[in-house]
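Heads up: the structure comes next, in structure tokens.
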């Protein structure tokens with residue numbers, strides 16, 4: 001553009017003018033050198049533009065990856081939704097049950113960049129801890145996932161009973177979760193287990209949910225006192241030696257089923273949240289790139305104009 | 001002009017409730033129930049945060065207990081990775097409880113039964129579908145709804161008899177050579193499952 005302007009100004013300046021090549025090199029040399037007022041650097045802006053464009057590409061790719069992982073796991077989560085319904089139909093749902101030993105099982109992801117779902121789970125876990133605190137009561141945490149562990153270890157280190165990470169190294173299946181549930185039940189004393197996870201409602205909405213699993217003793221106590229579990233006594237128990245044994249098996253089975261569903265739903269929510277986080281990130285990067293491009297062009301045009309002015313004033317000084 | 005405005009206004013009001021109900025078809029119940037005592041106690045201690053949802057908000061509503069015995073049994077047969085049968089109306093199911101094969105008809109007494117590996121057969125009219133289930137639980141409710149939860153289930157015609165024989169031989173051998181109690185228990189479970197498979201194929 002500068003060259004065309006010079007050509008238009010014409011032959012008058014042909015002699016004193018330096019040829020096009022040195023002009024460009026002088027521009028570049030001045031840009032890279034420590035700056036005076038004369039030449040404004042476009043190199044810094046260009047570097048920033050390159051890095052922002054790379055970030056945009058990376059976040060777009062991460063969004064695609066999260067979308068494909070979501071598709072894979074969404075069908076499995078939907079299919080596992082029928083698993084916890086029979087238990088709630090039989091035993092009801094008693095989140096406000098009053099027990100001595102509460103265990104809060106918080107489910108979170110291992111990897112980051114997934115929006116706010118892990119913070120939500122941790123906030124609710126801490127709130128439940130507060131809600132179930134009281135004299136002679138104790139509340140412990142069992143943490144699944146790296147992110148919740150990092151957040152909870154800061155202020156509740158002594159309350160963490162067990163923490164498990166790298167859950168999704170192999171694709172989630174029921175066997176793995178049932179072994180995990182068995183582990184938890186063996187090592188932790190509990191009257192009520194509260195599982196906190198993000199239920200996958202849709203790609204943009206995740207509902208923090210809490211499922212409650214009661215130990216067999218608490219179930220018997222609640223059944224006797226009436227209320228929601230009141231008609232549990234009307235159920236005949238088939239098989240097993242005693243009612244207590246069946247209820248024990250039932251509680252363990254319920255825990256592993258509910259945990260399986262919870263882990264799948266949380267994994268879905270994680271991928272969905274990552275998709276929307278990466279989407280907004282690439283959109284922001286695009287906007288930043290637009291702004292930087294404008295700055296770059298302005299800077300570039302200003303430096304060309306400065307050069308032009310110098311040349312022209314130099315030439316007119318020579319003339320007149 | 002104002003007539004148009006009131007019509008458009010009314011339309012926008014009508015559209016709003018419809019928009020609110022859009023969710024997964026697998027999920028939304030007809031009347032979501034919320035545990036009010038929990039919500040209240042939550043609000044007292046933590047007023048700034050929304051309480052978490054509980055499973056009762058996502059339950060599909062169950063039919064109420066009828067006064068007369070219904071003619072059909074509603075069966076929900078679920079596995080961890082699929083819902084085999086959901087709210088299917090059948091005449092009878094036979095479940096392999098630990099105390100033996102148990103037949104369930106509409107109007108059965110409410111029961112909780114633990115299952116052992118065996119054959120589950122679903123009778124509907126003249127069709128009988130047989131599944132081999134690994135263990136699980138069965139709940140029969142007063143409203144003639146039967147929930148069968150199993151870990152694994154295969155239709156009986158998909159079982160390979162030669163593999164069953166091989167497995168049975170292998171586990172019997174392991175049982176006889178087992179040293180620790182744990183190994184003995186595992187081998188015993190293997191033997192039980194395979195002999196049940198065997199009888200499922202023959203019986």
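No value in this document is a laboratory result; all are computed from the given coordinates. None of the values given here were measured: they were computed from a predicted structure. Cβ sites come from the backbone with ideal geometry, for glycine too, and all protein chains shown count toward neighbours.
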query: Over the range B:70-158, what relative contact order in percent results from Cα pairs under 8 Å that are six or more residues apart?
result: 30
- prompt: On alpha-carbon atoms, Rg over Rh for the range A:38-84 using Kirkwood Rh?
  reply: 1.49
Peptides A:74-80, B:167-173, B:130-136 ordered by average Cβ neighbours within 10 Å, highest first: B:130-136, A:74-80, B:167-173
query: In percent, how large is the relative contact order of chain A, given Cα pairs closer than 8 Å and 6 or more residues apart?
result: 28
- prompt: Can you give the FRET efficiency for residue A:297 and residue A:154, using 1/(1 + (r/R0)^6), R0 = 30 Å, r = Cβ-Cβ distance, to the nearest 0.05?
  reply: 0.05
statement: Expected integer from the mean partner chain Cβ neighbour count at 10 Å over A:262-268 is 0
- request: Quick one: angle between helix A:146-155 and the longest Cα principal axis of chain A, in degrees between 0 and 90, rounded to 10, please.
  value: 80
message: Applying a 10 Å radius around every beta-carbon, put B:178-191, B:138-151 in order of their mean neighbour count, most first.
response: B:138-151, B:178-191
task: Let me have the 222 nm mean residue ellipticity of chain A computed from DSSP H runs of 4+ only, each contributing -39500 (n - 2.57), with the sum over all residues rounded to the nearest 500.
output: -20500 deg cm²/dmol
task: Starting with the highest mean, order A:83-93, A:154-164, A:279-289, B:78-88 by the number of other Cβ atoms within 10 Å, averaged over the residues of each peptide.
output: A:83-93, B:78-88, A:279-289, A:154-164
field: Reduced Cα scattering model of chain A, Debye log10 I(q)/I(0), q = 0.10, 0.11, 0.13 Å⁻¹
entry: -0.69, -0.77, -0.96
task: Please average, across the residues of B:127-140, the number of beta carbons from any other chain that are within 10 Å of each residue's own beta carbon, and give a whole number.
output: 2
- prompt: For residue A:54 and residue B:71, FRET efficiency with R0 = 60 Å and r from the beta-carbon atoms, rounded to 0.05?
  reply: 0.35
- prompt: Taking 0.36 nm per intervening residue step and subtracting the Cα-Cα distance, what contour gain separates residue A:237 from residue A:166 on full extension?
  reply: 21.7 nm
message: Inside 10 Å of the C-beta atoms of A:103-113, what's the mean count of C-beta atoms belonging to other chains?
response: 0
- prompt: When the distances between all Cα atoms of the range B:70-158 are binned every 10 Å from zero, what whole-number percent does each bin get?
  reply: 19, 58, 22, 1
task: Run the numbers on the range B:161-202 and let me know its relative contact order in percent, using alpha-carbon pairs under 8 Å that are six or more apart.
output: 49
